[in-house]
Every structure is written in C-alpha cells, then in structure tokens.
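The values are calculated or read from the model by the stated rules, or taken from the named source; none is laboratory data. This structure is a prediction, so every number in the text was calculated from the model and none was measured. Methodologically, a virtual Cβ is constructed for each residue, glycine included, from the backbone with ideal geometry; neighbour enumeration extends over all protein chains shown.
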Amino acid sequence: MLKRIVIENYRSCLRTSIDLHPNLSVLIGPNGSGKTNILQSIMLLSQVARQPEHARGMRGITTKSRMKAMFEWAHSSTELNASMDAYTNEFNHDILVDSRQKWLFKKKNEREFISGLPLAIYHQFHPHLSQTNILTDELIRFRHFWSVKHRATEVMPKWAQRDLGRVARYWSGIRYYGASQFTNPGSCPTSFEIEREGNLRGPHRMSGHAKFLYGMYSAKRANSNRNYDDFMEIVGPKGLSLIDDLTFREVKSSSTEYSVRVGGKVERRRRENLLVIPQFKIGRQTLSPNQLSEGTFKTLALLFHIITEDSTALLIEEPEVCVHQGLLSSILELVKSYSNHKQMIMSTHSDYVLDHVRPDNVYRVGLQKAHGTIARPIRKTMTSKEFAALRDYLERDGNLGEYWREGGLGDRP
C-alpha cells in the first residue's frame, strides 16, 4: 500500500508531504488549500507508471514536477522517484509529456536494488520476466538491477520481482471519482457503440458519463462478477432504492471504413459494431441515463466506484455533493467497509462526513504563501493537551463534525 507521497512543484504543492492512512485518509481544509491538487497529483503519478509512451511534442508549455512515492509491505519497501513534464488541457486534465523514473527496492537483511526502467514496461513484458530465453533489450535491463551495496549489476531477486508486481498492480488499479465529473446528466449519451471483433473491446476515447455507463455494462457482462451483483443489490429495491433495475439493450450494427493505398487503390473494410442502450427502471418508468436526476446519477457513479471496480485505490472528491444526509450516511459506511480492501483518499467540506470517521483518518490541508500546500494529520496539528481534550469530547458522545463546526480543527467547514 502507498505509505507516503511527496509532491514538488505541482500546482499549489511546492513541496507537500503526506503520510497516508493504510485504509482511509480524509482531507479537510478551505477552498483553494490544495486538497484536489493532492488527489490529482496521485493520478498524474499513476500515468507515469502506466503509460509506456507519452504525449511528446508539447515541451514548450509543460511544467516540470517531481514526486516521491513510498510503498510499504510486510517485509520490504519500494520507493519511486519520478520527474515529470506535463501540461493541463482545457478540461483541467493533466497530460503527461515525458517522465524519468528511479526505483529503489529494499528488504531487511538483503541487498538494495535500483532500477531506472519505466514501470510501464512491466505491463508489457511481466509474463516473460522469469523466462531466460527472452532476450529483448528491455527485458535484459528489466531483469538486471543495480546492487547499491555491491555497486554491480545483478539479476533481479524474486522478492524484488514480487514487489515490482505489487507496485504495478497498485498503480494500474487507481481510480478517481469527482462530483464534477458527473454534473448535468442531461449531457449523458443515451447509448454508446463498441466494436465486435471476436472479443468485446472497449472504446478508446470514452470519458465521463459514457465511460461510467460502459464500465457498468462491462461489469455486468463479466462472468461470475459478484461485485456487480452486490452493487445492484445495494442500489436496488432491497437496498437504497435508487433504481429498481438496470438493463442493457444490444443492437447489432455495422459500418464501412475506406482507406486509399499507394497507387490510388481504395480499400473498403466492413466493421461489425454493437449499439448498447442502457435502460434504468424506476417504478413504472423506463428511463435513459440523461433522464436521471443529478443526485441519483452521481450516487450511482460513486457507489459503482466503491463497490464494483476492481481497483487497488480510490480517490474520492467531495462525496457529499448532491447527496442527502440519510443516503450519505449509508455511503460513508460502505466507504469504511471497502477501505479494508482498497486504500481510499477522500476530500470533503462536510462536517457530516467527519461524524463518521475517526480522528486518525483526518488530515488538515492548508495553504502557506512560502511553502504552498501543507497536509498534516490533525493529531500532529494539536498539542498533547488539545488532542486529549478532543478525545474526551468524543468519549462524551460528541462527534468530530461538531468539533470541527465549533472551530476545534481550525477553519470551520
């Protein structure tokens, strides 16, 4: 799991360091303090680990950032130092242009090893790491690490291969939920089209609403997907009663593509497609996605991210937006339950959210002119006397949200 992250020169994070809780970390602080920037920096770092090729050619408008991520396992640790060139597009999304990585693998009573090879290579070649007959330049570099102690190149030990796989799975499994992603369901498409070439393949450029719909469709199509069944049970009439049922109507279609070869010869290719039409049943009505209320759409998306997606970490931005308190209480209980299976980092402005978490889960985020965004566990922002007062307050049937409203945690919500 991700133990610590250090962020340098990324938006408001001039040098932000945060030691994360192994299960659930809740970021509080005023607008503009940098809570969202912390979450987005982790997503940028996940691009570094997942993408073998970046969007080169934009160097003139990029910003160079540096990040350090430390993972801690039962008997070993892994550290990533990354330098990144990225720019922000018109949708406020980070586009990675270039990156340089340095990995340090440590184990007690063992040698330390360093690798400078991009982790994305792992996703391409990891089934062949143990096969000695694979002799590509990438694998030769990947299977041999630099021994720190002996200052020599050695074959990667099995424990380091295992930790490398853990890191790769963690980064590839990071997901992001932001309330702003699902604003205005009216703009959501009523259907989406995918290709049918043997196995089902997902569309390459889906985002936002359409990507969420496709995710639900793919989860339902997966064989023996117990998580999807749990999701439907929770959102259905026996659970939170958000919807009564969800079906996906499939209509076969086809399209023709033309290309001109050398010599002017026109080549025609017929492509079989599948038009998928999501249908939500609520009472006697059957609704398209764009007919759902914003609160229902956002809650479905958030619960899907929490319950169904096979993720290793989930970043949640303001889960309280467009959700009434009774429903929010149920969502927060699910967040706490599933944080035992995937690491969660959440930002909030809601004192009601704090009513459902422990002080050890809460981090105060602030902005200082000289140092940028600062994030610290609330316990480290208090004197021992102040923290003892908080503990006594909670033991007397008070709650953390009320303590925040009364100014006990600094800036009020």
(message) Checking LEU275 against (1) in contact with an Asp or Glu (Cβ under 6 Å, 6 or more places away or on another chain); (2) on the phi > 0 side of the Ramachandran plot: exactly one of these is not met. Which one?
(response) (2)
(message) Could you list, ordered by first residue, the pairs with Cβ atoms under 9 Å in which the first is in the stretch 184-195 and more than 17 Å from LEU300 (Cα to Cα) and the second is among the small types (Gly, Ala, Ser) and at pLDDT 90 or above, at least 6 apart or interchain?
(response) SER191/SER288
(message) Condition first: closer than 21 Å to ILE174 by Cα and modelled with pLDDT under 80. Can you find one or more residues in the stretch 54-74 that meet it?
(response) yes
(request) Out of ILE345, ILE374, report the one residue that is within 29 Å of LEU240 (Cα to Cα) and not in a helix (DSSP H, G or I). (result) ILE345
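When you go through LEU314, LEU334 one by one, which is the residue that is of a type outside the set (Asp, Glu) and either part of a loop (DSSP other than H, G, I, E, B) or surrounded by fewer than 22 Cβ atoms within 10 Å (Cβ to Cβ) (or both)?
LEU334
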(message) Just to verify a result, which residue in the stretch 91-126, among those that are charged (D, E, K, R) and at pLDDT 80 or above, is farthest from LYS158 (Cα to Cα)?
(response) ASP94
(message) Can you say whether VAL167 is exposed (fewer than 15 other Cβ atoms within 10 Å of the Cβ) and at pLDDT 85 or above, as far as the supplied structure shows?
(response) no
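Taking the residues in the stretch 399-410 that are part of a loop (DSSP other than H, G, I, E, B) and surrounded by 14 or more Cβ atoms within 10 Å (Cβ to Cβ) as candidates, determine which candidate is modelled with the lowest pLDDT.
Ranking the qualifying residues of the stretch 399-410, first place goes to GLY410.
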(request) Check the stretch 390-398 and report whether any residue there is among the hydrophobic types (A, V, I, L, M, F, W, C), touching a helix residue (DSSP H, G or I) at 6+ places or on another chain (Cβ under 7 Å) and surrounded by 16 or more Cβ atoms within 10 Å (Cβ to Cβ). (result) yes
(request) Go over the candidates GLY295, GLY263, GLY215 one by one and state the one that is more than 30 Å from MET43 (Cα to Cα) and out of contact with any strand residue (DSSP E or B) (no Cβ under 6 Å at 6 or more places or on another chain). (result) GLY263
(message) Please pick out the residue among ALA82, ALA86 that is modelled with pLDDT of 85 or more, on the phi < 0 side of the Ramachandran plot and in contact with a Phe, Trp or Tyr (Cβ under 9 Å, 6 or more places away or on another chain).
(response) ALA86
(message) Regarding the stretch 280-287, can at least one residue be identified that is over 22 Å from ALA219 (Cβ atoms) and not basic (Lys, Arg)?
(response) yes
(request) Please determine, by comparing only the residues of the stretch 1-20 that are within 16 Å of the chain's Cα centre (by Cα) and in a loop (DSSP other than H, G, I, E, B), which one is modelled with the lowest pLDDT. (result) MET1
(request) Return the only residue of VAL353, VAL357, VAL365 being in the same structural domain as ILE7 (by TED's automatic domain parsing), surrounded by 19 or more Cβ atoms within 10 Å (Cβ to Cβ) and in a helix (DSSP H, G or I). (result) VAL353
